[in-house]
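**Q** Here's a structure for you.
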Protein chains: 2
Amino acid sequence: MTSAAHSASALRPSPLADLDTAALREAHSAFARAYDDLKAAGLKLDLTRGKPSAEQLDLSDDLLHLPDGRYRDAAGTDLRNYGGPTGLAELRAIFADALRVPVGQLLALGNSSLTLMHDTIAFALLHGVPGGELPWSSRPISFLAPVPGYDRHFTIAERFGIRLIPVPSDDNGPDIEAVASLLETDDSIRGMFCVPVYSNPTGAVYSEEVVRALVSLPAADDFRLIWDNAYAVHHLSDERPEPIDVLALAAEAGNPDRPLVFASTSKVTYPGAGVAFFGASPANVEWMLHNLSAQSIGPDKLNQLRHVELLRDADGLAAHMEKHRAILEPKFAAVDAAFRERLAPWGGGTWTAPSGGYFVSLDVLDGAAKRAVQLAKEAGIAVTPAGATFPYGDDPRDANIRIAPTFPPLDELTTALDGLCTAILLAEAETLLSARD
Amino acid sequence: MTSAAHSASALRPSPLADLDTAALREAHSAFARAYDDLKAAGLKLDLTRGKPSAEQLDLSDDLLHLPDGRYRDAAGTDLRNYGGPTGLAELRAIFADALRVPVGQLLALGNSSLTLMHDTIAFALLHGVPGGELPWSSRPISFLAPVPGYDRHFTIAERFGIRLIPVPSDDNGPDIEAVASLLETDDSIRGMFCVPVYSNPTGAVYSEEVVRALVSLPAADDFRLIWDNAYAVHHLSDERPEPIDVLALAAEAGNPDRPLVFASTSKVTYPGAGVAFFGASPANVEWMLHNLSAQSIGPDKLNQLRHVELLRDADGLAAHMEKHRAILEPKFAAVDAAFRERLAPWGGGTWTAPSGGYFVSLDVLDGAAKRAVQLAKEAGIAVTPAGATFPYGDDPRDANIRIAPTFPPLDELTTALDGLCTAILLAEAETLLSARD
C-alpha cells in the first residue's frame, strides 16, 4: 500500500462526488500530502507512447543477423537490387490470413503504416481516388473521427487541413446512427479513421454489425475507410475476435473500394525497422501501385526477407505474438489493479480492460484530466497529454486519459500508475472543490 | 570483329550522311543483313536501367548479417524502437563531407532519395515551402528540366501536373542564359531538377560558375533547386571534381533556402535496401522535419547502423567506391570502344565519356533514335526508350539514347553494345534514305 492510499483510506473512501464539502476538503488535504510525498520521490517515468518494451524487442533479435547471407526470394530474385513494388509474396502470405486480405491484394511496403496512411491521403488529395471525379484537395473536406481515438491519425488530417468530425464510439465501435446521419447531411466527408480491432485507446473491437454498416451506408463514391488494423494479432487473452473480412463485406455491399486496410509489424518485431502493409480492392491496389511507381523503385525487400525468416508462416506469427502476450498481460493487469485499488474506492474513474492492443482508456471525473496529467508531469510521470485522444486536443469533458503500459518494466509501471492515481485523485478533489466555490 | 563490322567495312566506312544515295543503299543492305543475323542470334539482353551488377552488390554483402546482434548507436539509444527522426548521427557524419552538408543539416531517412524528392514536392504542393506565401498547388506551376535528364524526375513532375520546361545543357551543366531568361519571364517556375555531379545521362559535372549562377539568379522566394546529388562519390577515374558546397554558395548569395540536397546509398550498397539523405538550410530542415513528423515516427535506424558498420567512416566509403570503380571502369571503356569501332567510322553518333556516374549519353543521327531502339528491342536488346531523357518523352531531334552499362556482365554488355550499334546503323541508313525519297 502506498502512502497516498494509507492516508486517504483513513477517510473511509467513498465516491468523491458524493462527499459533503468538509469531507471533500479533508480528502483533498490527504491527497495533497500524498502528492507532496510523490513529488519528493523525484520520479522520472514515462507512460506516454505505445512502445514495445526492450524485453519485447528482444523477441525479434534474430533480425539483427538475418538474413544470414541469403538474398533471394522463393522465386530466385536477387532482393538486393531495385524493384519488386508489391513486396515479397512470402511475407504477404504470412499476414494475409490475419489481416483477411487476399495475397494478391496485399502489398508489403516500407517501415511504417503511418507513412502509408499519410501518403495515401496525400495521393487522394493530389490525385483523387478511384470513383472520385476530382482530387480531394479540390474543395474543403472532412473526415469522421471516432473518439476517443489515435492522435497521430488526427495530426495527419490536421496538417492537411482536413476537418475532423468527432463521432462517439462504444465497445462495439463507432456510433452507427451518428455516422449515418453525418454521412447523410454533410457532403464534405471523404474519409473515416477506424481502428477496428483493439482500438487505440479503448481496446474496442468493432462488431460485425458495425462493420457491415460502415461498408454499406450511403456515402460518396470517393469516401474511404482508413482501416488501421494495427493490432489485428496483438491479443492479451484467449478470447479472440473472429477476424472480419472488411474487403469481402464491402464488396458484398456493392462498395468494394471503400476500405483501405493498413497494418504493420511495428509491434510484432521492431518499430521503425518493421514492414507495413496495404490491402484493398483490386482497383485501389492498382491506384496505389500507380502512385507508388512515381515515389519509389521498390521497398526494402531484404528487411522483408528478414521477417519471412524470423516468422516463417502464420503459425510462427501467432507463436511469436504469444510471447508478446506473456510479457504484456501482467502489465495490463497492473493497470487494472492500480485503478481498482486507488481510483475505484473514490469513484475516481472508469477504464477499459482490453483483450488486446496497446492501451487502456481511462475516464476521470469531468474537468479533471488536464489537471491530473499536469500534476503527474510535475511529479516526474509523463502521460499522453489529456485531450490527445480527441481532434484538436479538445476533449469536451476533459475526462479522457490514454494509458500506455507496455514500455516500462513492470515495477516502474506499478510505481508510475500509483503516482498517476495520486495525481488524479488530487486533481479530482480540486476540480470538485472549485465547482463548489 | 563482328559480322556487321565485317560486311559493312567492305564499303569503306565514311559518314553515312555524306554518302551518295547508291552508296547509302549499299550500306543499308549490309546493315540489314547484319541485323538479320543479330535477330537470328535470339539475344535477351538489357541495357535499360542504371542498376548495379550482382558483382557490385556482392561488395556490400556484410549487410546480410550486420549489425550482428548490436542495436545501439554511439549515444546508447536502442535503435530497435520508435524515434530518431534525423537518422543516425554516425551515418550522417560519414556522408557529410562527400555531400558537403554539415551533419546538423543532413538527415538520414528511408530507403530512397526518389521517395524523398517525391515527398518533398508533395509537401511543397500541399503546404508550401519556407519563403512562400502559398502552397505550390494554389496555382499552376512549372519546373525547369535540364535536358537530356532523368526520366524519374520528369515522372514525379508529370504526375503532379507540374509543367516541365526543358533547358539545354552542356558539359558544364544547364545553359545559364536560358535559365536566367526563363526565370525572368515565367513566374510560374517553382523548381528545377539538377544532377550536379555526373549528370544522368550525360555525366556532366556542373562548374562552380554554373552553381553560383543557379543559387544567385533572381527567382521567387519559394523557388527550389532539387539538387539530386546521386553520384557524388561514384567516380570512374582519378580526375575528380572538387565537391561544390551548394548550401554555402546559396547562403553567400543570400538565397540559403534555395537548394534541397538529395542523395542515397542505392548505388553505394544496395538499391532498395540502402539509406537516403536530405540536406538543406536550417529553415528547410526544420520544415522537412515538421512535415515528416506527421508521416513517420522515424526511419529504419537499424539499417542505418548496418551501413555505419559496413562503411565505418569517410575513408571507408571512399575505399568501398574504389571497388565499384574497378568493376565499372571496364564497362564504360567497352561502351566507348564499341561506339568508336562501330559508329564513329560511319559518323553514326556522338557520345559522352563520363568520369563518373552510371550512364553514357549517345546522340545518333537526328530522327533515328526511336527506330534504333525499336530495332534493338526486336532483336532482344532492351534499351531505355528513346525520348525518355526528355520531358513527356519528347526529344525534339529524336536523337538521344541513354546507355546504362552497369548491370550486365562485361561479355553480355559487349554483345549488347555490338547489337545496338547494328540496330543504330540500320535505323540511320533507313532514316537518311527515307529523307531522300
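**Q** GluC sites (Glu not before Pro), restricted to the range A:133-204: which are DSSP loop and have at most 16 other Cβ atoms within 10 Å? Before the final figure, lay out the partial values.
**A** Working: sites: A:GLU133, A:GLU158, A:GLU177, A:GLU184; in loops: A:GLU133.
Filter output for the range A:133-204: A:GLU133.
**Q** Given the peptides B:301-310, B:396-405, arrange them by the average over their residues of other C-beta atoms within 10 Å, most packed first. Provide the component values of the computation, followed by the final result.
**A** On the way: B:301-310: 24.5, B:396-405: 21.8.
Going by the mean number of other Cβ atoms within 10 Å, highest first, we get B:301-310, B:396-405.
**Q** Under a point-charge model restricted to the Cβ atoms of Lys and Arg (+1) and Asp and Glu (-1), what is the dipole moment magnitude of the protein assembly as shown relative to its Cα centre, in debye to the nearest 20?
**A** It comes to approximately 380 debye.
**Q** Continuing with the same structure: Quantify, in whole percent, the carbon and sulfur part of the accessible surface of the range B:146-193 (1.4 Å probe; protein heavy atoms only).
**A** Solvent-exposed carbon and sulfur of the range B:146-193 make up 43 percent of the total.
**Q** What residues does the range A:76-114 have that are buried by at least 30 Å² of accessible area in the full protein assembly compared to the chain on its own, 1.4 angstrom probe?
**A** At a threshold of 30 Å² (probe 1.4 Å), the residues of the range A:76-114 that become less exposed are A:ARG80, A:ASN81, A:TYR82, A:ASN111, A:LEU114.
**Q** Find which of B:LEU410, B:SER216, B:ALA40 sits farthest along the positive direction of the dipole of chain B, computed with +1 on the beta-carbon of Lys and Arg, -1 on that of Asp and Glu, about the Cα centre.
**A** Checked the options; the winner is B:ALA40.
**Q** Hey, another quick one. For the protein assembly as shown, give the share of DSSP beta bridges that are antiparallel, in percent and rounded to the nearest 5; count only bridges with both residues there.
**A** Beta bridges within the protein assembly as shown, antiparallel portion: roughly 45 percent.
**Q** Placing unit charges on C-beta atoms (Lys and Arg positive, Asp and Glu negative, everything else neutral), compute the dipole magnitude of chain B about its Cα centre in debye, rounded to 20.
**A** The dipole of chain B has a size of about 940 debye.
**Q** Select from the range A:130-165 all residues whose loss of accessible area on going from the chain by itself to the full protein assembly reaches 20 Å² or more (probe 1.4 Å).
**A** Listed in order, they are A:ARG152, A:ARG159, A:PHE160.
**Q** What percent do you get for the relative contact order of the range B:73-311 when only Cα pairs under 8 Å and 6+ apart count? Could you put the intermediate results ahead of the total?
**A** Details: 422 pairs, mean separation 69.8, N = 239.
Once normalised by length, the contact order is 29 percent.
**Q** Which part of the range A:324-341 falls in the paramagnetic zone of A:GLU239, meaning amide N under 16 Å from the point 7 Å along Cα-to-beta-carbon?
**A** Residues A:333, A:336 fall inside that zone.
**Q** Considering only protein heavy atoms, what per residue accessible area in square angstrom results for the protein assembly as shown with a 1.4 angstrom probe?
**A** Counting only protein heavy atoms, the per-residue value for the protein assembly as shown is 37 Å².
**Q** Between beta-carbons, use under 13 Å as the cut-off and find the net charge around A:ARG325, counting Lys and Arg +1, Asp and Glu -1.
**A** Working: positive: A:ARG240, A:LYS267, A:LYS323, A:LYS331; negative: A:GLU55, A:ASP238, A:GLU239, A:GLU322, A:GLU329.
With Lys, Arg at +1 and Asp, Glu at -1, the neighbours total -1.
**Q** Considering only protein heavy atoms and a probe of 1.4 Å, how much of the accessible area of the range A:250-295 is carbon and sulfur, as a whole percent?
**A** 56
**Q** Beta carbons within 10 angstrom, averaged per residue: use that to sort the peptides B:284-297, A:203-216, highest first.
**A** Those peptides, ordered most packed to least, come out A:203-216, B:284-297.
**Q** Take each complete run of DSSP H in chain B, measure how far its Cα atoms stretch along the helix's own axis, and keep only those covering 30 Å or more with mean Kyte-Doolittle hydropathy at least -1.0; list them.
**A** Going by DSSP H runs, the hits are B:314-338, B:410-436.
**Q** Mind checking the alpha-carbon convex hull of the protein assembly as shown and giving the volume per residue in Å³?
**A** In the protein assembly as shown, the Cα hull volume divided by residue count equals 177 Å³.
**Q** Below 14 angstrom from the Cβ of A:ASP186, what's the summed charge of the other residues (Lys, Arg +1; Asp, Glu -1)?
**A** Once positives and negatives cancel, what remains is +1.
**Q** Quote the relative contact order of the range B:213-271 in percent (integer), defining contacts as alpha-carbon pairs under 8 Å separated by 6+ residues.
**A** Rounded, it is 50 percent for the range B:213-271.
**Q** With a ≥ b ≥ c the root eigenvalues of the C-alpha gyration tensor of the range A:158-201, is it rounded (a/c under 1.5), prolate (a/b larger than b/c) or oblate? Write down the numbers at each step before the final one.
**A** Details: a/c = 2.60, a/b = 1.25, b/c = 2.08.
Cα axes put the range A:158-201 in the oblate bin.
**Q** How many percent of the alpha carbon pairs in the range A:4-140 exceed a separation of 19 Å?
**A** 76
**Q** Peptide B:283-296: average number of partner chain Cβ atoms within 10 Å per residue?
**A** 3
**Q** Could you work out the relative contact order of the range B:86-221? I mean the mean sequence separation of Cα pairs under 8 Å and 6+ apart, divided by the number of residues, in percent.
**A** Details: 160 pairs, mean separation 26.5, N = 136.
About 20 percent, as a whole number.
**Q** Okay, next question. How big is the A/B interface in buried accessible area, both sides summed, 1.4 Å probe, to the nearest 100 Å²?
**A** Counting both chains, the buried surface is close to 4400 Å².
**Q** Which of A:HIS153, B:LEU311, A:LEU260 sits farthest toward the positive end of the charge dipole of the protein assembly as shown, with +1 on the Cβ of Lys and Arg and -1 on the Cβ of Asp and Glu?
**A** Ranked along the dipole, the leading option is B:LEU311.
**Q** Have a look at the DSSP beta bridges in chain A and tell me what percent are antiparallel, nearest 5.
**A** Just about 45 percent of them are antiparallel.
**Q** Further question on the same structure: Considering only Cα-Cα distances, which of the following residue pairs are longer than 26 Å: A:LYS51/B:LYS267; A:LYS267/A:LYS331; A:LYS39/A:LYS370; B:LYS44/B:LYS331; A:LYS301/A:LYS331; B:LYS267/B:LYS301?
**A** A:LYS51/B:LYS267; A:LYS301/A:LYS331
**Q** Let a ≥ b ≥ c be the square roots of the eigenvalues of the Cα gyration tensor of the range B:272-335; is it rounded (a/c under 1.5), or, if not, prolate (a/b larger than b/c) or oblate?
**A** prolate
**Q** If I model the range B:73-311 as equal point scatterers sitting on the Cα atoms and use the Debye formula, what is log10 I(q)/I(0) at q = 0.07, 0.09, 0.14, 0.15 Å⁻¹?
**A** For the range B:73-311, the Cα-only Debye profile gives -0.21, -0.35, -0.88, -1.01.
**Q** Once the Cβ-Cβ distance between A:ALA178 and B:ALA220 is put in as r, and R0 is 45 Å, what FRET efficiency do you end up with, to the nearest 0.05? Working shown, then result.
**A** Values: r = 46 Å, r/R0 = 1.02.
The value I calculate is 0.45.
**Q** A follow-up question, please. Among A:ALA23, A:ALA353, A:ALA416, which one moves the most in a GNM of chain A with springs linking Cα atoms closer than 10 Å?
**A** A:ALA23
The values are calculated or read from the model by the stated rules, or taken from the named source; none is laboratory data. The model shown is predicted, which means the values in this text are computed figures rather than measured ones. Here the Cβ is made from the backbone with ideal geometry for all residues, glycine too, and neighbour counts use every protein chain on show. Please note that ligands, DNA and RNA were not included when accessible areas were found on the heavy atoms of the full protein model with its side chains. Shrake-Rupley method; radii C 1.70, N 1.55, O 1.52, S 1.80 Å.
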